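The structure appears below as structure tokens.
Any read-out appearing in this document is the output of simple, stated calculations on the displayed coordinates, not a laboratory observation. Everything numeric here is computed off the predicted structure, so don't read it as measured data. FYI the Cβ positions are ideal-geometry reconstructions off the backbone, even for glycines, and counts take in every protein chain you see.
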Amino acid sequence: MTRNHLFFIYFLLFIAIGLGAWAILKTPTIQGNAEIQMDERSYPVQVFTVTRDSIRLFDIPKELDFAGEKVPLEKGDIFERLEREIYVNAYWESNMILLLKRSAKYLPEIERMLKENGIPDDFKYVAIAESALMNVGSPAGARGFWQIMESTGKEYGLEITNNVDERYHFEKSTLAASKYIKKSTCEVWGLDRGGRELQHGAGWI
């Protein structure tokens, strides 16, 4: 490094130190208990109040019904669960496309079988919610489109052995689910219980 380079670096350092000292000297000091008064109009501050309903991508329905029964959206936890499902599925494009494809393939037959057994059409969405219209199994032991437990499947006529499991049979499992839902909705517990109980077996409370 040449002498000219060193001189230039020292010159810049001197300028920086000088500017720093000048800034310190120009800073007002507080004498005793004196206070610095600041005009709030010179420093406008915008305060944002964040609430649950102030953050949204689009409006959520205020009223819904399932199989003719009103969904209690006035309950905060119910509304939040609905909101979550709408946002997750609306912006999970790949999954939604696959669901629409499987719906076009399977829902017409499910609708027909539900209608023949006197089941409200809305119950077709139970299969979508439980399995996304796929023959899957759960850690709890539920199987198939309708996520039927073994005890419930046997009670409603499905063959379930080490070699055969008719919970994976689309038509037979849908017929068993229809019978179960029909029995549950005829009891005093109402339609909602019929939809919620399916995967837990008839003995679940």
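Below are the figures for this structure:
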| quantity | calculated |
| --- | --- |
| Cβ crowding within 10 Å averaged over residues, with 57-63, 173-179, 67-73, 162-168 ranked highest first | 173-179, 162-168, 67-73, 57-63 |
| Spin-label pair Val136/Ala104, simplified geometry with 7 Å Cα→Cβ offset, distance in nm | 2.2 |
| Virtual spin-label span in nm between Leu64 and Lys179, 7 Å along Cα→Cβ | 3.1 |
| Karplus 3J(HN,Hα) series, Hz, for segment 122-130 with 6.51 cos²θ - 1.76 cosθ + 1.60 (x for Gly, Pro) | 4, 5, 5, 6, 4, 5, 5, 5, 7 |
| Separation of the Asn162 and Glu111 label points, Cα + 7 Å toward Cβ, nm | 4.4 |
